[in-house]
Amino acid sequence: MSVSVYKNASLAQKPGLYDIVVKDGKFEEIAPNAAAKYPDATVEDLGGALVCEPFVDAHIHFDYFYTANLGSKANGSGTLFEAIDNWSEFKKTLDKKAVRARALNGIRQMIENGVQYARTHVDVTNDKQTALEVMLELKEELKNYMQIQIVAFPQEGYYAYEGGDKCVELALKLGADVVGGIPHFEFTREEGVRSVEKGFEFAQKYDKLIDFHCDESDDEQSRFSEVLASLAYHNGMQGRVTASHTCAMGSYNGAYAFKMMTKYKKAGLNFVSCPTENCYLQGRFDGFPQRRGLTRVEQLTENGINVSFAQDSISDPWYPLGNGSLIHQLDFGLHLAHMMSVEQIESSLKFITTNGAKTMRVDDYGLEKGKSANFVVLSDNNVIDAVRNTSHVLLSVRQGRVIMRKKREELTTKLPE
Ligand code: FE2
């Protein structure tokens, strides 16, 4: 029986210092001065550093990592649609070894930034399921580092791409966990609705979750989140359906948005917002004033609807930057969503931890006795400083095992007293 104690941890929104006791890969106790009860334990003093649940990236594309400058043309317009066109050409050349190497590079960067859970959308609108095969292998190989969920994502649509619906079904049969879609990219509103209906049919047939790219547009007429909500509600799939992006909600009129809040709540819809990605891609047809492309994070939160922040891209045709850091996304998200009161910042870690875990329906998650000892240690002592400094993750522990450790920065600047 191995026992480790991480002494003197700060916890979000709790005063004082706590000792975290880990026994056989699970949390045994989290309490002030608990270390004294375990004289034979291995002890590490955290010196007041903030400890929280591991980060959850509920929306990312592993198969697109590091493809921004690889053969696919530069995205001159900076729009979603040019990115999809450019990717469409490049993906014909996918090579298994290269896809794996690029994915592993980005996943390593995510782990170094404290991410232990990720939902990757994998483009399945392709003749060969090369990327999907790689992700299914990585999901298994990396399970001691990261819990990966795979979305069967038809980047070019169920119907806008000939046979897209069949590609999604094949991917689900091959082992994808979640049904994806992109209704705003179909030719018509009607085909968009039909794609959502087809997605629900698949989810019920194969017992899968649903996560659609939804209304990733500034077009206030893009209203597929209402279709997702309606079908989630009428099919009794509360909590199992996610609408990603929903940028158009930022442009809806107040009356429509007000009505939809009660519908989203009843439908138990989850939302994922990608702050850096969407402030870059959206607002491209506005001139000035220019919209910021984010969904209504504050209003959804105030209405008790689950929203999380995710990064979407690491250097791909949609977005040229991205570094694996969800603290970076949190920083941008809080700014862009106008959520900067002390209370909002202090309670904000949920956007990159528990809310994402809820979306992914991870049960064994949280700093509680009996749960798997999964946690991260940050380079600041409280949440406000962690966001303000875009804190580094110094330590990532999974099932009681250290999977990543970074040295604290040594500061050398010396100013006069
Ligand atoms: Fe995406």
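The values are calculated or read from the model by the stated rules, or taken from the named source; none is laboratory data. The shown structure was predicted, so the numbers you read here are calculated from the model rather than taken from an experiment. Every residue, glycine among them, receives a Cβ derived from its backbone with ideal geometry; neighbour counts consider all protein chains shown.
Observations
- Only one of the numbered conditions (1) within 16 Å of the ligand (Cβ to nearest atom); (2) surrounded by 23 or more Cβ atoms within 10 Å (Cβ to Cβ) is not met by Ser315, and that is (2).
- Hits in the stretch 1-41 (condition: over 20 Å from Ser379 (Cα atoms) and of a type in the set (D, E, K, R)): Lys23, Asp24, Lys26, Glu28, Glu29, Lys37, Asp40
- If you go through the stretch 291-334 and keep only what is part of a helix (DSSP H, G or I) and within 15 Å of the chain's Cα centre (by Cα), you end up with Val297, Leu326, Ile327, His328, Gln329, Leu330, Asp331, Phe332, Gly333.
- Checked against (1) touching a residue at least 40 places away in the same chain (Cβ under 8 Å); (2) out of contact with any Lys or Arg (no Cβ under 9 Å at 6 or more places or on another chain); (3) of a type outside the set (Gly, Ala, Ser); (4) not in a loop (DSSP other than H, G, I, E, B), Lys97 passes all but condition (1).
- Members of the stretch 196-235 that are within 16 Å of the ligand (Cβ to nearest atom), over 25 Å from Gly254 (Cα atoms) and either in a helix (DSSP H, G or I) or of a type in the set (Lys, Arg) (or both): Gly199
- Answer residue from the stretch 284-312, given it is on the phi > 0 side of the Ramachandran plot and at pLDDT 95 or above and is nearest to the ligand (Cβ to nearest atom) among those: Asp312
- Of all residues in the stretch 239-251, those satisfying the criterion of being away from the ligand (no atom under 13 Å from the Cβ), buried (at least 17 other Cβ atoms within 10 Å of the Cβ) and over 15 Å from Ala337 (Cα atoms) are Arg240, Val241.
- Checking Asn144 against (1) surrounded by fewer than 19 Cβ atoms within 10 Å (Cβ to Cβ); (2) not in a loop (DSSP other than H, G, I, E, B), the condition it does not meet: (2)
- Looking across Ala58, Ala83, Ala12, Ala41, one residue alone is surrounded by 18 or more Cβ atoms within 10 Å (Cβ to Cβ), within 16 Å of the ligand (Cβ to nearest atom) and closer than 25 Å to Tyr145 by Cβ. It is Ala58.
- For the stretch 240-275, the set of residues classified as out of contact with any Asp or Glu (no Cβ under 9 Å at 6 or more places or on another chain) and assigned to a loop (DSSP other than H, G, I, E, B) consists of Arg240, Gly268, Leu269, listed by residue number.
- Residue identified as within 22 Å of the chain's Cα centre (by Cα), buried (at least 24 other Cβ atoms within 10 Å of the Cβ), at negative phi and modelled with pLDDT under 95 among Leu228, Leu281: Leu281
- Ala83 meets all of the listed conditions (1) of a type in the set (Gly, Ala, Ser); (2) touching a helix residue (DSSP H, G or I) at 6+ places or on another chain (Cβ under 7 Å); (3) touching a residue at least 60 places away in the same chain (Cβ under 8 Å); (4) not in a loop (DSSP other than H, G, I, E, B) but one, namely (2).
- Residue satisfying all of: in the stretch 148-181; away from the ligand (no atom under 15 Å from the Cβ) and β-branched (Val, Ile, Thr); surrounded by the fewest Cβ atoms within 10 Å (Cβ to Cβ) among these: Ile148
- Residue match in the stretch 61-72 (condition: under 25 Å from the mean Cα position of the chain (by Cα) and aliphatic (A, V, I, L, M)): yes
- Complete set of residues in the stretch 262-274 that are surrounded by 19 or more Cβ atoms within 10 Å (Cβ to Cβ), more than 13 Å from the ligand (Cβ to nearest atom) and within 17 Å of Gly356 (Cβ to Cβ): Leu269, Asn270, Phe271
- Screening the candidates Lys14, Lys23 for the property of being more than 22 Å from Lys350 (Cα to Cα) and not hydrophobic (A, V, I, L, M, F, W, C) yields one hit, Lys23.
- Restricting attention to the stretch 107-141, the residues that are under 29 Å from Asp165 (Cβ atoms), within 16 Å of the ligand (Cβ to nearest atom) and out of contact with any Leu (no Cβ under 7 Å at 6 or more places or on another chain) add up to 7.
- Against the conditions (1) buried (at least 22 other Cβ atoms within 10 Å of the Cβ); (2) closer than 19 Å to Cys274 by Cα, Asn374 satisfies every one except (2).
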